[in-house]
Amino acid sequence: HDLSDRRDGPFVALNCAAVPEGLLESELFGHEKGAFTGADARRTGRFEAADGGTLLLYEIAEMRPPVQARLLRALQERSFERLGGNTPVRVDIRVVAATNRHLHADIAAGRFREDLYYRLAVVELAMPPLRDRREDILPTAQHLLGRLRPPSPARLTAEAAAGLTLYDWPGNVRELANVLERALLFAGTGDIAPEHLPPALRELCDRFAAALAGLGV
């Protein structure tokens, strides 16, 4: 967004999995006063808030079919009506959608609309899991440590760094961030060592140390 021609416009994000099913449509498109019980005033949705900029939809696969249908129509027509309204609201936005699910499998199972997929998938960016790009693990860890404990990020001992690199990270970056936050609690102001890591990673650290010892290093 910051490097695009929309950088002067808003950047709006919505995690579709974090919004209750009955409220997602209102979060996206807004509602008019009296549209439903509790709608005491007009509310602007994320589509309208992102006008002129970028709307990022996390976990798009969690969206239920009725909302998918409305999203498809809004993308095709570049306009929508707020819940309870009948006046079209026109917007000029770029939509970026993200998911950790295999959408082709969801399409085959009838959980995700094929026409919506092809409307969204103009440009696809696949992010390989950490285990397939191990050269990124340590730079990502250092970046996270800088955010978790500024202005003096903790350092990793050689053994701890090896454990992070050898681990497969089924939870990817979120798991890495969780492990580092836990390690900082145990390490205090010192370096992060194997004893500050969960058991599965400590075992990998021990294997690394044993391999070095076997080489006489």
Residues to consider are ALA183, ALA210, ALA200; find the one that is in contact with a Phe, Trp or Tyr (Cβ under 8 Å, 6 or more places away or on another chain), part of a helix (DSSP H, G or I) and without any contact (Cβ under 8 Å) to a residue 40 or more places away in the chain.
ALA200
Let me confirm something: among ALA69, ALA13, which residue is under 21 Å from GLY110 (Cα atoms), at pLDDT 95 or above and either open to solvent by less than 60 Å² (accessible area, probe 1.4 Å) or not in a loop (DSSP other than H, G, I, E, B) (or both)?
ALA69
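Working carefully through the options ARG131, ARG101, find the one that is basic (Lys, Arg), under 30 Å from GLY163 (Cβ atoms), in contact with a Phe, Trp or Tyr (Cβ under 7 Å, 6 or more places away or on another chain) and open to solvent by 20 Å² or more (accessible area, probe 1.4 Å).
Working: ARG101 fails: in contact with a Phe, Trp or Tyr (Cβ under 7 Å, 6 or more places away or on another chain).
Among ARG131, ARG101, only ARG131 is basic (Lys, Arg), under 30 Å from GLY163 (Cβ atoms), in contact with a Phe, Trp or Tyr (Cβ under 7 Å, 6 or more places away or on another chain) and open to solvent by 20 Å² or more (accessible area, probe 1.4 Å).
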Condition check for ALA39: touching a residue at least 12 places away in the same chain (Cβ under 8 Å), surrounded by 13 or more Cβ atoms within 10 Å (Cβ to Cβ) and either in contact with a strand residue (DSSP E or B) (Cβ under 6 Å, 6 or more places away or on another chain) or not in a helix (DSSP H, G or I) (or both)
yes
Checking the conditions here, which among GLU27, GLU32 is free of Cβ contacts under 8 Å to residues at least 24 places away in the same chain and surrounded by 13 or more Cβ atoms within 10 Å (Cβ to Cβ)?
GLU27
Looking at THR165, is it touching a Lys or Arg at 6+ places or on another chain (Cβ under 6 Å), more than 19 Å from ARG70 (Cα to Cα) and either surrounded by 13 or more Cβ atoms within 10 Å (Cβ to Cβ) or aromatic (Phe, Trp, Tyr) (or both)?
yes
Taking ARG111 and the conditions (1) open to solvent by less than 60 Å² (accessible area, probe 1.4 Å); (2) in a loop (DSSP other than H, G, I, E, B); (3) more than 28 Å from ASP5 (Cβ to Cβ), which numbered condition does it fall short on, given that it satisfies the others?
(1)
Could you check GLY45 against (1) open to solvent by 30 Å² or more (accessible area, probe 1.4 Å); (2) of a type in the set (Gly, Ala, Ser); (3) under 25 Å from the mean Cα position of the chain (by Cα) and say which number it fails?
(1)
Looking at segment 142-152 only, could you name the residues that are touching a helix residue (DSSP H, G or I) at 6+ places or on another chain (Cβ under 9 Å) and either open to solvent by less than 60 Å² (accessible area, probe 1.4 Å) or in contact (Cβ under 8 Å) with a residue 40 or more places away in the chain (or both)?
LEU144, LEU145, ARG149
Can we say ARG7 is exposed (fewer than 13 other Cβ atoms within 10 Å of the Cβ), among the basic types (Lys, Arg) and within 15 Å of VAL95 (Cα to Cα)?
yes
Considering segment 152-180, residues that are within 20 Å of GLU135 (Cβ to Cβ) and in a loop (DSSP other than H, G, I, E, B), and then whichever is farthest from the chain's Cα centre (by Cα), we arrive at THR157
Regarding segment 82-97, can at least one residue be identified that is closer than 23 Å to PRO128 by Cα, among the β-branched types (Val, Ile, Thr) and open to solvent by 20 Å² or more (accessible area, probe 1.4 Å)?
yes
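The values are calculated or read from the model by the stated rules, or taken from the named source; none is laboratory data. Bear in mind the structure is a predicted one, so any value in this text is a computation, not a measurement. Quick reminder, even Gly has a Cβ in these numbers, built from the backbone with ideal geometry, and neighbours come from all protein chains shown. Quick note on the areas: whole protein, heavy atoms, side chains included, nothing else; ligands and nucleic acids left out. Shrake-Rupley method; radii C 1.70, N 1.55, O 1.52, S 1.80 Å.
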